[in-house]
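The values are calculated or read from the model by the stated rules, or taken from the named source; none is laboratory data. These numbers were taken from a predicted model, which means no experiment stands behind them. Reconstructed Cβ throughout: ideal geometry from the backbone, glycine too, with neighbour counts over all protein chains shown. Ligands, DNA and RNA are excluded from the accessible area calculation, which covers all protein heavy atoms including side chains. Shrake-Rupley method; radii C 1.70, N 1.55, O 1.52, S 1.80 Å.
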Amino acid sequence: MEGAMKQRPRRVAFVGSSLPRKCGIATYTADLCDALEVLDREAEFFQVAVTDAEPGYAYGPRVHFEVAEKEVAAYRRAADFLNLSGVEVVSLQHEFGLFGGPAGSHVLAMVRNLRMPVITTLHTILDRPDGAQRRVMDELASLSGRLVVMSRRGERYLREIYGVPSEKIDLIPHGIPDVPFVDPNFYKDKFEAEGKIVMLTFGLLSASKGIANVIEALPTILAKNPNVVYLVVGATHPHVLRNEGESYRLEVERLVHERGVESSVVFHNRFVSYQELVEFLGAADIYITPYINEAQITSGTLAYAVGTGKATISTPYWYAQELLDDGCGVLVPFNDPAAIADKVVELLDDEPARHAMRKRAYLRGREMIWPEVAGLYARSFEQAVVRHKRPSDPDGIFVTMNKRPRELPRVKLDHLRRLTDDTGIFQHAVFAVPCSSKRSRTKFPPLPRIWPPATWPSCGTPSTRSPAASAISCPTSAHGATGSFPRTPTPGRCGRWEPCWVAPRTGACAGRQGTSLNARCAIHEYLRRFAGDRNAQLARETLADRLLDIYRRASAPEWSWFEEIVSYDNGTLPHALLLCGRWMADRAEMTDVGLESLDWLVRLQRPSGQHFVPVGSNGFYRRGESRARFDQQPLEAYTMVSACLEAHRLTGDARWRKEAQVAFDWFLGSNDIGQRLYDARNGGCRDGLHVDRINQNQGAESTLAFLLSLVEMRLAENIIQETEAS
């Protein structure tokens, strides 16, 4: 044992959510750190907190570093911090929804760069992961020195589904408080429940918890046991509260009144402390977990109930099947209030059987108390340190910039919100103040193509009814025949943020604007969702052939362009052909022409290979004449970013990714006068670049051009990371 003790790490960092964030993993991590500190007073245990909201939380001294959930660069910074801070082991508390990126893939940006062993505790293990989830799990399993699971089923899934060798897996039960085995009546006076039979459910509330099924069972229970009271303890889950408000809780409370059981139900709507939780559990005669989904590999609430010796009734989700076997609890079918009622009545009628169940549960829980769990974690840490091989990367922790992705600004929507109201978006602004006297639709393609629905939550997009939602939906739906916005809102004019709503309208927009270049781009997104629409297919073919014919007639050996003039919104032309070549069969010529014309445009707008210099709108560039250098417009940078990223997706050539970055850097000051157009304070963008100054007005077109460029760049970064992970 003395040799093993020499390997015990002195400095351990825990990565995950942290109190006071209302999250089960945050509570778990805090309890685990407390137990480890008792076990080893000389070691230091601190936390790296993943933060899901602004302005964040009032973290305690144990949190040494914060990571913005949606910012992939923040995870790389966390890796740098950990590598420089003398940490010997990182304990990663993993759940897909805890981290940013597709299936929580942002966390891989941290784990890939860590120099010490990583022990990953898996709070969720899926038996049927989707592609993104599988890629994340496979790489996480490969990068982790050890994987901690909390159930035998979880261990089996890792071996059989994910191919993880048994010697890399540690089965460590969910920790629970070490409390005495007491009669429930000892605590009931604290809740004015003397003489009552208390049924309890606790935890963060959401529809998946199945509380309504217990409410439905109550009339039958009360008919035979009128002194029963059902206590529901816990705040609404923060993600549910953020997206849906208290709608679920209100729905359940309404059901209580409809069933006439309001005198027998108590909702304790807050996140309770550890000591309060022990008292609530102590007062319970029967504990119920009526969850409605099978796929739950662990449950801290059920572990706490078993560990405190409760007679427990549960639906047969995975963890309950395992923890409640051998008479430690009883299982009832999913969504079956009658079965819940029968089991409650049965347990209340047979007091000796109920107390025998309590004793069996309490004895099982002695293996799960936090001191035992801390000891198992300490041994896992020791094994990871012994087996860890130091990375052979000669750069060590000093990774040069050419070996890591560029950092990008955060998506900030303050100015976009300011520009919008319930009927749409103000096109013009004086400095950052919207100019309401000039109101018209913005000259942008339908935004679902370039701001995919999957990115809205991760970019901090506002709620469905917010003005900024109108800014995205209105350019494709709210303008009238004259192209102006009516002042009075009408139904559907500022629709919902759902692809099922926007995709048909995208196609309709393409049909209305048959000569529009943006229609050619938008129709591809429409057909990705509604591939069987023959009218849209024919429209795409017609428009694509027309654009290719225009190019054939206008281009020449020194003029690889579609018109006699390079004017406005230029990147959209080659972009449209690249999309046609990608999604239409036997159209290789369109791909070739798209790449050829884009290459010509890049060389035109990067004279001598320098920074991006878009063709100026003060005269444009007509064949055989001098090109205008100014005024340079943000729209040109955006369309080049978008077209070059499409070329990169199509060819895999890193040169196109670099050209997209060069065009994007124009917003950040890599331009003719070396000034930044992007306003970091509000997320807006100045309207243009003049020969001697920046146009300080921040209108809708320039702001949307920057935001859309930023979102596309961030999406491209995620795609690159997924490709590396696979």
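Normalise the Cα radius of gyration of the range 663-719 by 2.2 N^0.38 Å (N = residues in it) and let me know the number. Kindly include the intermediate steps, with their values, before the conclusion.
Working: Rg = 11.5 Å, N = 57, 2.2 N^0.38 = 10.2 Å.
Ratio of Rg to 2.2 N^0.38 Å for the range 663-719: 1.12.
Which shape class applies to the range 587-726: rounded if a/c is under 1.5, otherwise prolate when a/b exceeds b/c and oblate if not, where a ≥ b ≥ c are the square roots of the Cα gyration tensor eigenvalues?
Since a/c reaches 1.5 but b/c is at least a/b, the shape of the range 587-726 is classed as oblate.
Please report the net charge: other residues with Cβ closer than 13 Å to the Cβ of residue 262, K and R +1, D and E -1.
Value of the local net charge: 0.
Give me, ordered by chain and number, the residues 5 or more places off residue 50 or on other chains with an amide H under 5 Å from its own placed amide H.
Under 5 Å from the amide H of residue 50: 16, 17, 18, 67.
Solvent-accessible area per residue for the range 164-316 at a 1.4 Å probe radius, Å²?
Here the per-residue accessible area is 40 Å².
Which value in Å does the Kirkwood hydrodynamic radius of the range 273-365 take, with 1/r averaged over all unlike C-alpha pairs and then inverted?
13.2 Å
Quick one: of 310/343; 22/359; 22/209; 196/359; 22/168; 22/389, which pairs are farther than 25 Å apart, Cα to Cα?
22/359; 22/168; 22/389
For the range 203-282, give the percent of accessible area contributed by carbon and sulfur heavy atoms, probe 1.4 Å, rounded to a whole number.
Accessible surface attributable to carbon and sulfur in the range 203-282 totals 53 percent.
Using the Cα atoms of the range 1-136 to build a convex hull, what is its mean projected area in square nanometres?
9.0 nm²
Given axes a ≥ b ≥ c from the Cα gyration tensor, I'd like to know whether the range 200-244 is rounded (a/c under 1.5), prolate (a/b larger than b/c) or oblate.
Prolate, since a/c reaches 1.5 and a/b exceeds b/c.
Classify the range 197-330 as rounded, prolate or oblate, taking a ≥ b ≥ c as the square roots of the eigenvalues of its Cα gyration tensor: rounded when a/c is under 1.5, otherwise prolate if a/b is larger than b/c and oblate if not.
Cα axes put the range 197-330 in the rounded bin.
Keeping all protein chains in place and using 1.4 angstrom, which order do 567, 670, 380, 626 fall into by accessible surface area, from largest down? List each step's numbers first, then the result.
Details: 567 25, 670 50, 380 0, 626 105 Å².
So the residues, ranked largest to smallest area, are 626, 670, 567, 380.
Show me, for the range 675-691, the HN-Hα J-couplings you get by feeding each phi into the Karplus relation (A = 6.51, B = -1.76, C = 1.60, θ = phi - 60°), rounded to Hz, glycine and proline as x.
10, 7, 8, 5, 9, 5, 6, 10, x, x, 9, 5, 7, x, 10, 9, 4
Semi-axes of the equivalent ellipsoid of the range 242-283: what are they in whole Å, largest first, if each equals the square root of 5 times a C-alpha gyration tensor eigenvalue?
23, 17, 5
Would you grab the residues whose amide H sits under 5 Å from the one on residue 292? Only those 5+ places off in sequence or on another chain, please, with H modelled 1.01 Å from N.
Counting only residues 5 or more places away or on other chains, the set is 210.
For the range 105-255, what is the relative contact order in percent, using Cα pairs closer than 8 Å and at least 6 residues apart in sequence?
On the way: 128 pairs, mean separation 26.3, N = 151.
Worked out over the range 105-255, it gives 17 percent.
Let me know the volume per residue of the alpha-carbon convex hull for the range 546-646, in Å³. List each step's numbers first, then the result.
Working: hull volume 9.7 nm³, N = 101.
Per residue, the Cα convex hull of the range 546-646 comes to 96 Å³.
I'd like the distance between the alpha-carbon centres of the range 148-206 and the range 22-37, rounded to an integer number of Å.
Taking the Cα centre of the range 22-37 as reference, the centre of the range 148-206 is 14 Å away.
Can you quote the Å³ per residue value for the convex hull of the Cα atoms in the range 316-391, rounded to an integer?
Dividing the Cα hull volume of the range 316-391 by its residues yields 123 Å³.
In terms of modelled amide H atoms, which long-range or inter-chain residues lie less than 5 Å from the amide H of residue 92?
15, 119, 120, 121
How much of the accessible area of the range 306-374, in percent, comes from carbon and sulfur atoms when a 1.4 Å probe is used?
Carbon with sulfur: 52 percent of the solvent-accessible area.
Can you give the convex hull volume per residue for the Cα atoms of the range 179-270, as a whole number of Å³?
Taking only Cα atoms, the range 179-270 has a hull volume of 109 Å³ per residue.
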